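This report concerns only the one structure given below.
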Ligand code: IVH
């Protein structure tokens, strides 16, 4: 017999809560991902109601893992994927007046402009919703897609058609092809009403308007989306077949004329302080706005300058988001755990008494490293202020000293790895303690696998951190190659994946399909996936560009063990690859275990050669160029970006292999070396003439 709530002990409640959560998650999956519910809505509502009641009685159980706290529908596998014709990138952030000012300086520098020259900026609110790209062909809405990973999103056209703010047709003067990018959001009052309604029906409560909007858009059934009060603001363009305006502000006006809503109010001006003063004004106004904003976006107003400024990795140089200060709350530290990362770094994490910060329940916060713990003197049992800004991991800001109880002890950072027991060391000049267990440390191995399948690496859908952990535990996956043999082994397994808890026929099939889709991978992604220390996305790309194929890359890294040889010098000639990164690369390839991992992996997958951008006709394609001295017309940074765009390789040092040295006015040692080696030297003007050909 089930106990009633009144005679439940905490332990009973915990057990029942866990069982209910599992049950609800199973039905969520059946409903949202498989479109195949196995119980009636009423029976489902009953499960949720009981869970809610237990949490009211025992609030400790209401953690961010509880189904009552999770974002709407889980990743919507039911949606078709669509490639964005122009990538949908993200924005860098600034958090203070000083950082805003640095952002401006970077722009002036890149464009080689004097402070006295005017650059116009536009500023507008940053809407806290979910980004969406609307594609119009012949002035008719043909596609709406989520951002996804920026390059590929999900087709949500049917759902977006139910949003009133989104015009289905555009007037005659709109171009033949037009992509409008913007944000789908829910107003605060509508969000409150929706949650009241959901609660009455015992359905899931959304944590904030953004989650409510996301959950509504990701419904597989657009009839449900239709009942949700969603809105849309347009703020940028993707692909367009004709020029719309020369200015960002002009684009806003055109969009408004065509029936779109745009974020209000906005600012345009070239005053140094103008955009920041506007930020302060909006900060005051924030609470009165009917929808949530999480900051201000500053954009260079001139579209030609935007084009010149371009992008740094995933964010434009011509725009940034000035975020509002983080939300804070006070809670107690129950414990301090040490997490072991992919490269062995030990990160202290505070386990907190769960608390709601700006609508999200937080139970963990990072303590960064030993020095930070010491500086703030954080102890187990302390009351601490924590803060959460956007999607960043919550942080412990300070200890509330007045609330400290007697008898608490200073925290002593462990000298050994909590997982493999190996010695931990902290090298001079570093803030991090690192586990020296390397390949024997299970924590590192699991983290490496998580990195391997992550979004910017192999991007295997359905194989998140939890799945990797579970499969590791059960020895299904121990090394990267095991991922690709999983399906074959599963066929003869006595405990196949589909029989595991939380899995079924369909989800197992989906997983195998997602794995098989990734048997071909671009070289830069592959290099990044290896998780070599200091080799992030940017360095992986440079290595891919330099070596072209994995075989060439691997051979070069083995040859580079000889520090006197050419291979080592070639490696150092790559921009931003210094001796320390080189050591990590060489060390990785030298290690016999890694060689074995790579060999097995290559039997399973195909690594595509790096494709040079299409610029065969460019006179500098494939050439190695070094810029030195100060340039007059464009900044060195801009020239470098342009040269790379034309297929040239920009190097930091001059060697026999260098094709051109472009020398500015006060060029020194590099120019001298070029002359000694007989490398062709160009003036800035000669270089500009050369690439204009
Ligand atoms: S402009 C190249 N303007 O914020 C990207 N973005 O955190 C140009 N966002 O990905 C984006 N309000 O989804 C722009 N007024 C606004 C915005 C805005 C919200 C979103 C956008 C972006 C994200 C970055």
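The values are calculated or read from the model by the stated rules, or taken from the named source; none is laboratory data. Given the structure is predicted, the values throughout are model-derived calculations rather than measurements. Neighbour counts run over all protein chains shown; Cβ positions are idealised from the backbone, glycine included.
A compact table of results
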{"quantity": "Selection count, the range 263-274, where residues are touching a strand residue (DSSP E or B) at 6+ places or on another chain (Cβ under 6 Å) and either under 17 Å from residue 306 (Cα atoms) or part of a loop (DSSP other than H, G, I, E, B) (or both)", "calculated": "3"}
{"quantity": "Scope the range 191-203; condition over 15 Å from residue 56 (Cα atoms) and in contact with a helix residue (DSSP H, G or I) (Cβ under 8 Å, 6 or more places away or on another chain); matching residues", "calculated": "191, 194, 195, 201, 203"}
{"quantity": "Positions within the range 642-654 being in contact with a strand residue (DSSP E or B) (Cβ under 9 Å, 6 or more places away or on another chain) and buried (at least 17 other Cβ atoms within 10 Å of the Cβ), in sequence order", "calculated": "643, 644, 648, 649, 650, 651, 654"}
{"quantity": "Residue that is surrounded by the fewest Cβ atoms within 10 Å (Cβ to Cβ) [pool: residues in the range 136-149 that are within 16 Å of the ligand (Cβ to nearest atom) and in a strand (DSSP E or B)]", "calculated": "146"}
{"quantity": "Test: residue 298 is surrounded by 19 or more Cβ atoms within 10 Å (Cβ to Cβ) and either assigned to a loop (DSSP other than H, G, I, E, B) or touching a helix residue (DSSP H, G or I) at 6+ places or on another chain (Cβ under 9 Å) (or both)", "calculated": "yes"}
{"quantity": "Test: residue in the range 88-111 that is more than 24 Å from the chain's Cα centre (by Cα), away from the ligand (no atom under 16 Å from the Cβ), modelled with pLDDT of 90 or more and assigned to a loop (DSSP other than H, G, I, E, B)", "calculated": "yes"}
{"quantity": "Out of 38, 62, 34, 70, sole residue that is crowded, with 17+ Cβ neighbours inside 10 Å, in contact with a helix residue (DSSP H, G or I) (Cβ under 8 Å, 6 or more places away or on another chain) and either within 30 Å of residue 664 (Cβ to Cβ) or modelled with pLDDT under 75 (or both)", "calculated": "34"}
{"quantity": "Criterion violated by residue 414 - all others in (1) modelled with pLDDT of 95 or more; (2) within 20 Å of residue 63 (Cβ to Cβ) satisfied", "calculated": "(2)"}
{"quantity": "Within the range 524-552, considering residues that are under 14 Å from residue 459 (Cα atoms) and in a helix (DSSP H, G or I), the one modelled with the lowest pLDDT", "calculated": "537"}
{"quantity": "Qualifying position, being in a loop (DSSP other than H, G, I, E, B) and within 24 Å of residue 65 (Cβ to Cβ), among 430, 410, 501", "calculated": "501"}
{"quantity": "The range 280-311, residues that are under 27 Å from residue 538 (Cβ atoms) and without any contact (Cβ under 8 Å) to a residue 12 or more places away in the chain", "calculated": "307"}
{"quantity": "Test result for residue 659, closer than 20 Å to residue 670 by Cα and exposed (fewer than 15 other Cβ atoms within 10 Å of the Cβ)", "calculated": "no"}
{"quantity": "Residues located in the range 666-687, provided they are in contact with a strand residue (DSSP E or B) (Cβ under 9 Å, 6 or more places away or on another chain), within 19 Å of residue 638 (Cα to Cα) and part of a helix (DSSP H, G or I)", "calculated": "684, 686, 687"}
{"quantity": "Out of 183, 152, 199, 173, sole residue that is within 16 Å of the ligand (Cβ to nearest atom) and surrounded by fewer than 18 Cβ atoms within 10 Å (Cβ to Cβ)", "calculated": "152"}
{"quantity": "Residue within the range 248-261 that is within 15 Å of the ligand (Cβ to nearest atom) and outside any helix (DSSP H, G or I) present", "calculated": "yes"}
{"quantity": "Selection from the range 320-336 of residues that are in contact (Cβ under 8 Å) with a residue 60 or more places away in the chain and either in contact with a helix residue (DSSP H, G or I) (Cβ under 8 Å, 6 or more places away or on another chain) or over 30 Å from residue 237 (Cα atoms) (or both)", "calculated": "320, 322, 327, 328, 330, 333, 336"}
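To keep it simple, each residue is scored yes or no on (1) within 16 Å of the ligand (Cβ to nearest atom); (2) free of Cβ contacts under 8 Å to residues at least 24 places away in the same chain; (3) within 25 Å of residue 216 (Cα to Cα); (4) surrounded by 15 or more Cβ atoms within 10 Å (Cβ to Cβ).
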site: 80; (1), (2), (3), (4): no, no, yes, no
site: 85; (1), (2), (3), (4): yes, no, no, no
site: 115; (1), (2), (3), (4): no, yes, no, no
site: 124; (1), (2), (3), (4): yes, no, no, yes
site: 130; (1), (2), (3), (4): yes, no, yes, yes
site: 164; (1), (2), (3), (4): no, no, yes, no
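Table: residues versus (1) within 16 Å of the ligand (Cβ to nearest atom); (2) more than 29 Å from residue 431 (Cβ to Cβ).
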| position | (1), (2) |
| --- | --- |
| 295 | yes, no |
| 300 | yes, yes |
| 311 | yes, yes |
| 318 | yes, yes |
| 323 | yes, no |
| 328 | no, no |
| 336 | no, no |
| 347 | no, no |
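Rundown of residues vs (1) at pLDDT below 95; (2) out of contact with any helix residue (DSSP H, G or I) (no Cβ under 9 Å at 6 or more places or on another chain), yes/no style:
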| residue | (1), (2) |
| --- | --- |
| 120 | no, no |
| 125 | no, no |
| 128 | yes, no |
| 138 | no, yes |
| 145 | no, no |
| 148 | yes, yes |
| 178 | no, yes |
